[in-house]
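Undergrad: Below you'll find the structure I mean.
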Amino acid sequence: MNSVTNTYKITVLPGDGIGPEVIKQAVKVLDKVAEVFGFGVEYNYADIGGIAIDKTGDPLPAETLELCKKSDAVLLGAVGGPKWDDLPLNKRPEAGLLGIRSGLGVFANFRPAKIFPPLKNSSPLKDRIIGDNLDILVLRELTGDVYFGEKKRTVYDGEPCAYDTMIYRKFEIERIARLAFETARKRKKKVTSVDKANVLEVSRFWREIVTEVAKDYPDVELKHLYVDNAAMQIVINPGQFDVIVTGNLFGDILSDEAAMITGSIGMLPSASLNSKGFGLYEPVHGSAPDIAGQNKANPLAAILSVAMMLEYSFNMKKAAEAVENAVLRVLQEGYATRDLATENSEVLGCEEMGDAVVSRIIG
Ligand code: IPM
Ligand code: MG
């Protein structure tokens, strides 16, 4: 083992459903990377979501948020499940997730949908549509929009009704737009901003501000698309996209769509950063309660989230690549979890997939 030069403090929030089992594999991989690349990792576990409700009545206990704030990065599994479905919105497991995102101020959610070549057959899209190097980055604004605007049940014209408020403040649009252009500069220099400016005032405002910010980035091409058209373009010509920047709600929807074209939503990692570069890392897939605890889940999105942590939070690009290469090799050798399996795959459980990646990490 190399001598340890640095120790990173990581708060681990396994959460509900398949969260704990995929996070266990991700931690195994991170331990191996730390050993190979010579750094230390200290883990502190805490509760979020349903398990936190069961233990404390609160989906985001104050201690959990405090612990996260004192760490170098946060690794989160998933929250939610049928057991908690009937609770009011602000008491549900999802409230814990939204609470931690806003509590940490992680407004910039990077969801990279990249195709691993061995998974081309797992994609629902035809080969000729996927092309060769599909690599879309959905940059989703994560702490504003209808997710955080005022919501209410009330009575309107004598009729019971409900509303949610879609709202963006100028600085929120500016900072995500700026980040989109900065990010595109390091990629293919194309930004597609997605909105619904033909109907929504908030989207007209979004479009104006993105256009204004674009003036500082004349080297980056900017295109605006309505969200319905964007949803269609992603399945008919995904190769046209580089960075897609959009609000919280549209980003939620489009990132699931973009994830699926890479073979399975079980492949999509994410990084959420705040203005100081602090990061929360989580797989995009959610808690999948139907397969929880059966060793069937795909841990690769959680494992790839660790790769994002290494790159974004610890600036260890080589270590991040070691994780991605290990994943690629496992897939090239024909191993797959159930969600990825085609007729020729050798199907592995969650645990075995984690081991397969660990054994292929090389420095
Ligand atoms: C996601 C999820 C969450 C969201 C849910 C679980 C609240 O769908 O991370 O994409 O809507 O942001
Ligand atoms: Mg989602």
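Undergrad: If I go through segment 275-327 residue by residue, how many of them are more than 16 Å from ligand 1 (Cβ to nearest atom), of a type in the set (A, V, I, L, M) and not in a loop (DSSP other than H, G, I, E, B)?
TA: 13
Undergrad: A follow-up question, please. Any idea which of (1) more than 25 Å from LYS152 (Cα to Cα); (2) surrounded by fewer than 23 Cβ atoms within 10 Å (Cβ to Cβ) is the one LEU75 doesn't satisfy?
TA: Result: LEU75 fails condition (2) only.
Undergrad: Name the strands (runs of 3 or more DSSP E) wholly within segment 124-166 that hold at least 3 residues that are in contact (Cβ under 8 Å) with a residue 40 or more places away in the chain and surrounded by 15 or more Cβ atoms within 10 Å (Cβ to Cβ)?
TA: 135-141
Every residue, every condition in (1) buried (at least 22 other Cβ atoms within 10 Å of the Cβ); (2) among the aliphatic types (A, V, I, L, M); (3) over 20 Å from the mean Cα position of the chain (by Cα), yes or no:
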{"residue": "TYR8", "(1), (2), (3)": "no, no, yes"}
{"residue": "VAL29", "(1), (2), (3)": "yes, yes, no"}
{"residue": "VAL41", "(1), (2), (3)": "no, yes, yes"}
{"residue": "ALA52", "(1), (2), (3)": "yes, yes, yes"}
{"residue": "ASP86", "(1), (2), (3)": "no, no, yes"}
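Undergrad: Hey, another quick one. Of all residues being over 29 Å from ALA322 (Cβ atoms) and within 23 Å of the chain's Cα centre (by Cα) in segment 54-68, which is most open to solvent (accessible area, probe 1.4 Å)? Just the residue, please.
TA: Checking each candidate, the answer is GLU66.
Undergrad: Another question, then. I need the full set of residues from segment 201-251 which are polar (S, T, N, Q), more than 16 Å from ligand 2 (Cβ to nearest atom) and within 16 Å of VAL138 (Cα to Cα), in order please.
TA: Matches in segment 201-251: ASN229, GLN233, ASN237, GLN240.
Undergrad: What's the total number of residues in segment 252-277 that are open to solvent by 20 Å² or more (accessible area, probe 1.4 Å) and either within 21 Å of LYS70 (Cα to Cα) or within 11 Å of ligand 2 (Cβ to nearest atom) (or both)?
TA: 10
Undergrad: Also, I was wondering about something else. From the residues in segment 286-311 that are within 14 Å of ligand 2 (Cβ to nearest atom) and in contact with a strand residue (DSSP E or B) (Cβ under 7 Å, 6 or more places away or on another chain), which one is farthest from ASP127 (Cα to Cα)?
TA: Among residues in segment 286-311 that are within 14 Å of ligand 2 (Cβ to nearest atom) and in contact with a strand residue (DSSP E or B) (Cβ under 7 Å, 6 or more places away or on another chain), the one farthest from ASP127 (Cα to Cα) is SER287.
Undergrad: On to the next question. Is it the case that segment 253-260 has a residue that's out of contact with any helix residue (DSSP H, G or I) (no Cβ under 7 Å at 6 or more places or on another chain), outside any loop (DSSP other than H, G, I, E, B) and of a type in the set (Gly, Ala, Ser)?
TA: Checked segment 253-260: at least one residue is out of contact with any helix residue (DSSP H, G or I) (no Cβ under 7 Å at 6 or more places or on another chain), outside any loop (DSSP other than H, G, I, E, B) and of a type in the set (Gly, Ala, Ser).
Undergrad: Across segment 226-271, what is the number of residues that are of a type in the set (S, T, N, Q) and within 13 Å of ligand 1 (Cβ to nearest atom)?
TA: Taking segment 226-271 as the starting set, the residues that turn out to be of a type in the set (S, T, N, Q) are 229, 233, 237, 240, 246, 248, 255, 262, 264, 270.
Subsequent filtering for residues that are within 13 Å of ligand 1 (Cβ to nearest atom) retains 246, 248, 255, 270.
Qualifying residue count, segment 226-271: 4.
Undergrad: Here is a follow-up. How many of the residues in segment 185-232 are without any contact (Cβ under 8 Å) to a residue 40 or more places away in the chain, of a type in the set (Asp, Glu) and assigned to a strand (DSSP E or B)?
TA: Residues that pass the stated criteria total 1.
Undergrad: A further question on this structure: Report every pair of residues separated by at least 6 positions or lying on different chains whose Cβ atoms are under 6 Å apart, first residue within segment 23-34 and in the same structural domain as ALA78 (by TED's automatic domain parsing), second surrounded by fewer than 21 Cβ atoms within 10 Å (Cβ to Cβ) and at pLDDT below 95.
TA: Hits for this filter: zero, empty list.
The values are calculated or read from the model by the stated rules, or taken from the named source; none is laboratory data. Just so it is clear, the model here is predicted, and its values are computed rather than measured. Methodologically, a virtual Cβ is constructed for each residue, glycine included, from the backbone with ideal geometry; neighbour enumeration extends over all protein chains shown. Only protein heavy atoms, including side chains, enter the accessible area calculation; ligands, DNA and RNA are left aside. Shrake-Rupley method; radii C 1.70, N 1.55, O 1.52, S 1.80 Å.
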